[in-house]
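As structure tokens, the structure follows; a few thoughts come after it.
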Amino acid sequence: MSSVFPRFGFFPGLSMALISIALKLAGSQVSPELYGDSRPRLFTYWTSDAYQATGCYNLLCSGFIQTNSRIAIGAAISPLSEFEGSQFDVTIVIWKDPKLGNWWMGFGENTLVGYWPAELFTHLADRATMVEWGGEVVNSRANGEHTSTGMGSGHFAEDGFGKASYFRNLEIVDSDNSLISAHDISTLAENNNCYNIKSSSSSQWGTYFYYGGPGRNDQCR
């Protein structure tokens, strides 16, 4: 694996942008092996034992319960941002129902998609202790070389708006079930020559970061 995010994933050519909270994941992914094409798609994933025996993508096994048929899990995301052109982004939220303990996923403006039942994660505490945003690709190192699979737009973070991919307005749900801005985030990239990440903040975008890269290049082998 190569990531600006903790490791998971299973398919060669896989590239993802995602949110992870207590082993519940949601975001956008490109996976020719899973979907048969290279279009970015909305996905979910879960595991209750750190990827050992439980869990799956989307609705490929029991676990995530979809409650809204208007949002198709695994569907292609549209419209897409254009390099040095129009930029589009989506809002994804994961939070815990304080009464029933289910973990809900929201997409867009106040649209519930479904939930991970509380009983899937009986060993977890009443709250998450870490929230992670980031990107990841599968790096099988075929022929001993780093994969050429791009992360995000395939451009490094320093290329900035209109070129690099980004996460913006990072927020967390506090103990009062209210959204608050995520401050003082730490960043990590496994190999900055392959993919990197740069964070900042502003009044309009709150806490945000650019990330990504092309994979194999002269400095990434």
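Quick notes on this one:
- Among the strands (runs of 3 or more DSSP E) confined to the range 142-212, the ones with at least 2 residues that are hydroxyl-bearing (Ser, Thr, Tyr) are located at 165-167, 196-202, 206-212.
- Residue pairs whose Cβ atoms lie under 9 Å apart, sitting 6 or more positions apart in sequence or on different chains, and linking a residue in the range 49-68 that is of a type in the set (Asp, Glu) to a partner that is in a loop (DSSP other than H, G, I, E, B) and surrounded by 14 or more Cβ atoms within 10 Å (Cβ to Cβ), are Asp49/Leu23; Asp49/Gly55.
- From the list Gly106, Gly101, the one residue that fits, being of a type in the set (Gly, Ala, Ser), within 15 Å of the chain's Cα centre (by Cα) and farther than 24 Å from Gly36 by Cα, is Gly106.
- Where Asp37 falls short, out of the listed (1) closer than 21 Å to Ile172 by Cα; (2) modelled with pLDDT of 80 or more; (3) assigned to a loop (DSSP other than H, G, I, E, B): (1)
- For Cys61, the criteria (1) surrounded by 11 or more Cβ atoms within 10 Å (Cβ to Cβ); (2) in contact with a Phe, Trp or Tyr (Cβ under 7 Å, 6 or more places away or on another chain) hold in every case but one, which is (2).
- Members of the range 91-139 that are part of a loop (DSSP other than H, G, I, E, B), modelled with pLDDT under 90 and in contact with a Phe, Trp or Tyr (Cβ under 8 Å, 6 or more places away or on another chain): Val138
- Of all residues making up the range 122-140, the number that are more than 21 Å from Lys24 (Cα to Cα) and exposed (fewer than 11 other Cβ atoms within 10 Å of the Cβ): 0
- Only a single item in (1) surrounded by 13 or more Cβ atoms within 10 Å (Cβ to Cβ); (2) within 19 Å of the chain's Cα centre (by Cα) is not met by Asn68, and it is number (2).
The values are calculated or read from the model by the stated rules, or taken from the named source; none is laboratory data. What you see is a predicted model; the values in this text were computed from it and never measured. Neighbour counts run over all protein chains shown; Cβ positions are idealised from the backbone, glycine included.
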